[in-house]
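Below you'll find the structure, written out as structure tokens, and then a few comments.
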Amino acid sequence: MSSILEFLGSIPWWVWVLLVLAVIAIRDVFFNKKHIIQHNFPIVGHIRYLLESIGPELRQYIVANNREELPFNRIERGWIYASAKNENNYEGFGTDRDIYEPNYIFINNAMMAFRLPEDHPNVKDPYFLPCAKVMGAYNKRKRPYRPASIINVSAMSFGSLSAKAIMSLNKGCDKAHAYHNTGEGGLSPYHKQGADVIFQVGTGYFGVRDEHGNFSMEKLKKLVADNPQVRAIEFKLSQGAKPGKGGVLPASKITQEISEIRHVPLGKDVVSPPSHSVFSDVPQMIAFLEKVGRETGLPVGIKAAIGKLDQWKELAKIMAEKNHGPDFITIDGGEGGTGAAPPSFADHVAMPWVYGFSEVYKIFKAQHLTDRIVFIGAGKLGFPAMGAMAFAMGVDCINVAREAMMSIGCIQAQSCHTNTCPTGIATQSKWLQAGINVEDKAIRTLFYFKNFRKELLEITHACGYEHPCQMTMEDADITLGGQNMTKALAGSFGYNKVPVSFEGMQALQDCPHLGGNYQKKKEEKTVKKLEKKNKVRF
């Protein structure tokens, strides 16, 4: 035995390498029936598949330049990372963008920038930037709601994101006075970390469904009564990643916790149909939304990616005639999002945000309805200049999903659909989640939102306004290419935004419906003043 070991030990290492390669080559030539390249080109075929598997990483960090990557390039990601860490997010030596490329946006600054009075709310708090409209005010809901932040976290369910990621975002939203949309996966304990919540109801009615999978008004009413942080309800008609397509939650992914949160059985696949069962046409939808608003007392809205416009026209016409309808409308961009989707859907179904939103806004403007609806935009709008453009087009709030994920550490690995997200954000793997420090990531969410609002306010002031809601379609130009040069958004999209009623930032600060725990803090300050004055503990 010892002589055999000595003989094997005397064989040079390169001979062992050749033997291993020979074995691989023999296996590929005679036994590999699945891969043509490996069969025809042993060894080299394996190298080819290895390079293909790490191709995205090579392109992301070595090959692609700073502006080439999609969906978010290195400069965009760098701005989010720096803002979330509260580091220097400036750039020097001028822009490296091709400012003559088609669809390039220019913001038109004023000759004289807006000057803040000494007693202005933004002097004390340069990050204070609430929504200029109140959800549910027109329809006289029992609990109207003014979002305390114009930028908020978009719909991402527990299940698609990890527990620690949801907790990080919710705690960050609480600190930033932003709201957190639950996504259609139900209200989890991880959504209950202090932030205002918009509860989303999808076609599966997760969290508010009965034992047969049908919508339960009683369960929705109980959820609202038991969770006062739920400030509005959103019914998802479709989403940008896969509009008009349902989904399947495999039985293998349904844990006891997910079963309880979503009100679904263990051991069975759960199907989300492509459409709602509680309504099948626009009149039925309006009647249903109105019933939900009456029963819960909360503002009720809808979310959709935009394709055909005939039903949107019908919705606006009925709203004008009946004098009621959704309190808010979230327009999602067809360019996709965090949801996993077939490429055919992500690449081709539904309009990009700028086209979809402009078409829908024109429809509601024609019926004189824009003042009663809070318009929410979602679709790569998580950058101050894009936010300024969106407000110029008519939005009242912005929802961010992937940008919020990047603020807590997402590296755009694009493995959200594989349960192998290396940062632990879009996976249920306990091992991969272990690296998420919830308190640290909550602070990063806070800084991203604060720096976004501060920079958007600075752009707003540069245009001569106090609040982004005052921006108009003449305040931004878009490059058309060729000899057409540039044209204002009004000329490009064929409409002018309806002016938003705005009485000043101080009026927003004093609003009794302002969310983000501002009312609670006002009450605490009042009690402290009384305690100090009367020297009495309440």
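The values are calculated or read from the model by the stated rules, or taken from the named source; none is laboratory data. These numbers come from a predicted model, not from an experiment. Every residue, glycine among them, receives a Cβ derived from its backbone with ideal geometry; neighbour counts consider all protein chains shown.
Going by the structure shown, is Thr427 more than 15 Å from the chain's Cα centre (by Cα), surrounded by 20 or more Cβ atoms within 10 Å (Cβ to Cβ) and polar (S, T, N, Q)? Answer is yes for this residue. Among the residues of this structure, Arg146 does not count as one that is closer than 27 Å to Gln414 by Cα, surrounded by 13 or more Cβ atoms within 10 Å (Cβ to Cβ) and either free of Cβ contacts under 8 Å to residues at least 24 places away in the same chain or in contact with a strand residue (DSSP E or B) (Cβ under 6 Å, 6 or more places away or on another chain) (or both). Within region 299-324, the set of residues being buried (at least 19 other Cβ atoms within 10 Å of the Cβ), in a loop (DSSP other than H, G, I, E, B) and modelled with pLDDT under 95 comprises just one member, Ile306.
Of the residues making up region 462-518, those that are closer than 24 Å to Ile373 by Cα and β-branched (Val, Ile, Thr) are Thr472, Val498, Val500.
Taking first residues from region 214-232 that are in a helix (DSSP H, G or I) and partners that are among the β-branched types (Val, Ile, Thr) and modelled with pLDDT under 95, the Cβ contacts under 6 Å between residues at least 6 apart in sequence or on separate chains come to Lys219/Val208; Leu220/Val208. In the condition set (1) modelled with pLDDT under 95; (2) of a type outside the set (Asp, Glu); (3) at positive phi, Gly382 is compliant with all but (3). Of all the numbered requirements in (1) touching a residue at least 24 places away in the same chain (Cβ under 8 Å); (2) among the hydroxyl-bearing types (Ser, Thr, Tyr); (3) part of a helix (DSSP H, G or I), Tyr465 misses one, and that requirement is (3).
Is it the case that region 429-438 has a residue that's charged (D, E, K, R) and farther than 29 Å from Ala488 by Cβ?
yes
Among residues of region 423-450 that are free of Cβ contacts under 8 Å to residues at least 40 places away in the same chain and in a loop (DSSP other than H, G, I, E, B), those with a Cβ under 6 angstrom from a residue that is surrounded by 19 or more Cβ atoms within 10 Å (Cβ to Cβ) and not hydrophobic (A, V, I, L, M, F, W, C), sequence gap 6+ or separate chain, pair up as Thr423/Gly409; Gly435/Gly424.
In region 211-232, the residue that is surrounded by the fewest Cβ atoms within 10 Å (Cβ to Cβ) out of those that are out of contact with any helix residue (DSSP H, G or I) (no Cβ under 7 Å at 6 or more places or on another chain) and farther than 28 Å from Ala176 by Cα is His212.
Exactly one residue out of Glu260, Glu295 is at pLDDT below 95 and part of a helix (DSSP H, G or I), and it is Glu260. Flag: Asp125 does not match the condition of being acidic (Asp, Glu), modelled with pLDDT under 85 and out of contact with any strand residue (DSSP E or B) (no Cβ under 7 Å at 6 or more places or on another chain). When Glu359 is tested against the conditions (1) out of contact with any Lys or Arg (no Cβ under 8 Å at 6 or more places or on another chain); (2) assigned to a loop (DSSP other than H, G, I, E, B), the lone failure is (2). Would you be able to say whether some residue in region 402-411 is assigned to a loop (DSSP other than H, G, I, E, B), surrounded by fewer than 20 Cβ atoms within 10 Å (Cβ to Cβ) and in contact with a helix residue (DSSP H, G or I) (Cβ under 9 Å, 6 or more places away or on another chain)? Checked region 402-411: at least one residue is assigned to a loop (DSSP other than H, G, I, E, B), surrounded by fewer than 20 Cβ atoms within 10 Å (Cβ to Cβ) and in contact with a helix residue (DSSP H, G or I) (Cβ under 9 Å, 6 or more places away or on another chain).
Scanning region 120-137 for residues that are assigned to a loop (DSSP other than H, G, I, E, B) and touching a residue at least 12 places away in the same chain (Cβ under 8 Å) yields a count of 11. Whether any residue in region 182-192 is without any contact (Cβ under 8 Å) to a residue 40 or more places away in the chain, part of a loop (DSSP other than H, G, I, E, B) and surrounded by fewer than 24 Cβ atoms within 10 Å (Cβ to Cβ) is what I want to check. Scanning region 182-192 turns up at least one residue that is without any contact (Cβ under 8 Å) to a residue 40 or more places away in the chain, part of a loop (DSSP other than H, G, I, E, B) and surrounded by fewer than 24 Cβ atoms within 10 Å (Cβ to Cβ). Put simply, of Asp96, Asp125 the only residue that is touching a helix residue (DSSP H, G or I) at 6+ places or on another chain (Cβ under 8 Å) and surrounded by fewer than 19 Cβ atoms within 10 Å (Cβ to Cβ) is Asp96.
Restricting attention to region 226-257, the residues that are of a type in the set (Asp, Glu) and at pLDDT below 85 add up to 1.
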